[in-house]
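Taking it in order: structure first as structure tokens, then the write-up.
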Amino acid sequence: MARLVTLYSLQLGDLSLETVCRKAKSFGYDGLEIGLPDHLDVRREEPEYYAAIKGLLAKYDLQLKTISTHLVGQAVCDRIDHRHQLILPEYIWGDGEPEGVKQRASEELVRTAKAAKALGIDTVVGFTGSSIWPYLYSFPPVSEQMIDQGYEDFAQRFIPILDEYQQLGIRYALEVHPTEIAFDTISARRALEALEYHPAFGFNYDPSHLGYQGVDYVDFIYQFPERIFHVHMKDVYWSDTPKQVGIFGGHIPFGDPRRYWNFRSVGRGRINFEEIIRALNSIGYQGPLSVEWEDSAMDREHGARESCEFVKRIDFRPSAHAFDAFFEKK
């Protein structure tokens, strides 16, 4: 059986969870990746709440393998400012004092692991934020000590969280992404080293964020075969010719045609999903392929439907035999 194809719910965060379930089923999906905080309140502890969510998914014959906490996870290591108030729940933002925001975000990540346990799943996808992302371009000069301190801060904040995850039997999958502590292959390796390869920490593989940076997104899979905990299917287009705005975005919004790169519906960009499927087969990844749909120029329901069709068409099981083994005669 091919892998499950799931739909990340955050792009439909303005709709109720039941509406998302109904639409996802009509689009052909096998399950959901539930996004926080819109579709799940991890402050709830009563078993009946989680039983109701599982019942709702069962009603539409949808499976659940993952929940995601990108927005809250971002606040754990970031330099907190007014931007975070726009993405965080009020009870996490509080009075906006940065260290308090970070502590409350950390506590929420632990509650998220407990919610995952209550839902019977073992993987949480999310962000980490980064205190050193503003140092991306090394001018004024950035010392190695400053970068070291950023990874030390990451480890200090995340190891206690990951220890809780490990005790609960839950894994945390960082989506390797600009603005996170890991945004390419080298920084991903360094994040693992900072955590001393904590067993509860791995990656949510999303090729789109690597492709437009010029990172070998297929090689990334082979570099971390034991740490690919979850996969996002998301596409991106980048130009062959110079544009008015380069890789850094030029302070103009996604979708603007002057940009060098923009996210696109799966199968309409430049990501080579054929090679990704072959690499995932090679490392034995059996988890879901979750469509995180982002295309500023396309109706989202059209995009969600065609993305599901594309992923189901491109995915395939690995062979149990070498093709030439059948030539042997006994």
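Apart from one condition, Phe158 fits all of (1) under 23 Å from Val218 (Cα atoms); (2) in contact with a Ser or Thr (Cβ under 7 Å, 6 or more places away or on another chain); the exception is (1).
Among the aliphatic types (A, V, I, L, M), surrounded by fewer than 18 Cβ atoms within 10 Å (Cβ to Cβ), under 22 Å from the mean Cα position of the chain (by Cα) and not in a loop (DSSP other than H, G, I, E, B): is that true of Leu86 in this structure? Yes; evaluated as a whole, the condition is true for this residue. Applying the condition of being outside any helix (DSSP H, G or I) and among the hydroxyl-bearing types (Ser, Thr, Tyr) to region 154-188 and asking which residue is farthest from the chain's Cα centre (by Cα) yields Thr179. Taken over region 160-184, the criterion of being open to solvent by less than 30 Å² (accessible area, probe 1.4 Å), in contact with a Phe, Trp or Tyr (Cβ under 8 Å, 6 or more places away or on another chain) and not aromatic (Phe, Trp, Tyr) is satisfied by Ile161, Leu162, Ala173, Leu174, Glu175, Val176, Pro178, Glu180, Ile181, Ala182.
Is region 87-109 home to any residue that is within 18 Å of Val176 (Cα to Cα) and touching a residue at least 12 places away in the same chain (Cβ under 8 Å)? Explain how you work it out, then say what you get.
Step one: of region 87-109, the residues within 18 Å of Val176 (Cα to Cα) are 109.
Cutting the leftovers down to touching a residue at least 12 places away in the same chain (Cβ under 8 Å) gives us 109.
Yes; the residues of region 87-109 include at least one that is within 18 Å of Val176 (Cα to Cα) and touching a residue at least 12 places away in the same chain (Cβ under 8 Å).
Scan region 22-36 and give yes if some residue there is within 22 Å of Gln286 (Cα to Cα), open to solvent by less than 20 Å² (accessible area, probe 1.4 Å) and among the charged types (D, E, K, R), otherwise no. Among the residues of region 22-36, at least one is within 22 Å of Gln286 (Cα to Cα), open to solvent by less than 20 Å² (accessible area, probe 1.4 Å) and among the charged types (D, E, K, R), which makes the answer yes.
Can Tyr151 be described as surrounded by 19 or more Cβ atoms within 10 Å (Cβ to Cβ), more than 19 Å from the chain's Cα centre (by Cα), free of Cβ contacts under 8 Å to residues at least 60 places away in the same chain and not in a loop (DSSP other than H, G, I, E, B)? Yes; evaluated as a whole, the condition is true for this residue.
A single entry from Ile121, Ile132 fulfils the requirement of being at negative phi, surrounded by fewer than 21 Cβ atoms within 10 Å (Cβ to Cβ), in contact with a Lys or Arg (Cβ under 7 Å, 6 or more places away or on another chain) and not charged (D, E, K, R): Ile121. Selection within region 223-247: residues that are within 16 Å of Leu210 (Cβ to Cβ) and aromatic (Phe, Trp, Tyr). The member of this set that is farthest from the chain's Cα centre (by Cα) is Trp238. Of all residue pairs spaced 6 or more apart or on separate chains, those with beta-carbon atoms under 8 Å, a first member in region 261-288 that is at positive phi and a second member that is in a helix (DSSP H, G or I) are Gly267/Phe273; Gly267/Glu306; Gly267/Ser307; Gly267/Phe310; Gly267/Ile314. Just one of (1) open to solvent by less than 70 Å² (accessible area, probe 1.4 Å); (2) more than 22 Å from Val176 (Cα to Cα) fails for Glu309. It is (1).
The values are calculated or read from the model by the stated rules, or taken from the named source; none is laboratory data. Here the structure is a predicted model, which means the values were calculated and not measured. Using ideal geometry, Cβ is built from the backbone for each residue, glycine included, and neighbour counts are taken over all protein chains shown. For the accessible areas, the whole protein counts, side chains as well, though only heavy atoms, and no ligand, DNA or RNA atoms are used. Shrake-Rupley method; radii C 1.70, N 1.55, O 1.52, S 1.80 Å.
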